[in-house]
Amino acid sequence: MSGTSWSDKLLSGLRRTSERLGENLVGLTGKGRLDDDDLDRIEEALITADLGPAMAARIRDRLAERRDAVGDSVEELRRIVSDEIAAVLRPVAEPLEIDAFPRPHVILVIGVNGSGKTTTIAKMAHLFQEQDYGVM
């Protein structure tokens with residue numbers, strides 16, 4: 001059994017996504033004001049980071065409202081992006097609690113093509129094996 005918890009692994013994955021997103025946003029600030037082309041590139045970077053079109057559009061709209069404040073500050077850009085993501089996740093965040101018994105368990109995973117369902121299922125199976133839940 002590994003010493004790394006599931007939440008630590010999740011946070012590590014989110015950190016990598018955040019870093020990838022940050023790399024895509026380099027060079028978009030420091031001009032004093034975000035223009036429409038900048039907002040389009042940010043929206044594209046958000047979609048590329050697997051946030052999806054609806055979430056990317058929501059964040060783009062929020063950045064458009066604050067384009068003067070964001071124009072010179074990478075930190076402000078990141079803060080707004082993280083605040084919007086947190087606002088969407090907060091109402092639905094619930095821990096996944098699985099008792100070892102009774103077995104078997106069924107976990108339904110729903111999502112659009114390319115959204116990471118198979119990867120997530122593999123990560124969950126690996127976690128359950130590490131925690132000795134007897135996943136075969």
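Scanning region 87-136 for residues that are in a loop (DSSP other than H, G, I, E, B), among the β-branched types (Val, Ile, Thr) and either modelled with pLDDT of 80 or more or touching a Lys or Arg at 6+ places or on another chain (Cβ under 6 Å) (or both) returns 106, 107, 109, 110. Any chance you could count how many residues in region 34-66 are farther than 22 Å from residue 114 by Cα, open to solvent by 10 Å² or more (accessible area, probe 1.4 Å) and either touching a Lys or Arg at 6+ places or on another chain (Cβ under 7 Å) or aliphatic (A, V, I, L, M) (or both)? Selection size over region 34-66: 1.
Annotation note: of 77, 28, the sole residue that is surrounded by 15 or more Cβ atoms within 10 Å (Cβ to Cβ), outside any helix (DSSP H, G or I) and either in contact with a helix residue (DSSP H, G or I) (Cβ under 9 Å, 6 or more places away or on another chain) or at pLDDT 75 or above (or both) is 28.
Among residues of region 49-70 that are of a type in the set (D, E, K, R), those with a beta-carbon under 6 Å from a residue that is outside any helix (DSSP H, G or I) and exposed (fewer than 14 other Cβ atoms within 10 Å of the Cβ) at least six positions away or on a different chain give the pairs 67/33; 68/33. In region 88-110, the residues that are exposed (fewer than 10 other Cβ atoms within 10 Å of the Cβ) reach residues that are polar (S, T, N, Q) with C-beta atoms within less than 9 angstrom, at least six apart or across chains, in these pairs: 95/7. Quick one: is residue 121 out of contact with any helix residue (DSSP H, G or I) (no Cβ under 7 Å at 6 or more places or on another chain), farther than 26 Å from residue 41 by Cβ, of a type in the set (A, V, I, L, M) and open to solvent by 40 Å² or more (accessible area, probe 1.4 Å)? Considered against the rule, which asks whether it is out of contact with any helix residue (DSSP H, G or I) (no Cβ under 7 Å at 6 or more places or on another chain), farther than 26 Å from residue 41 by Cβ, of a type in the set (A, V, I, L, M) and open to solvent by 40 Å² or more (accessible area, probe 1.4 Å), residue 121 comes out as yes.
The values are calculated or read from the model by the stated rules, or taken from the named source; none is laboratory data. Since we're looking at a predicted model, the values are computed, not measured. Quick reminder, even Gly has a Cβ in these numbers, built from the backbone with ideal geometry, and neighbours come from all protein chains shown. Just so you know, the surface numbers come from the protein's heavy atoms only, side chains and all, with ligands and any DNA or RNA stripped out. Shrake-Rupley method; radii C 1.70, N 1.55, O 1.52, S 1.80 Å.
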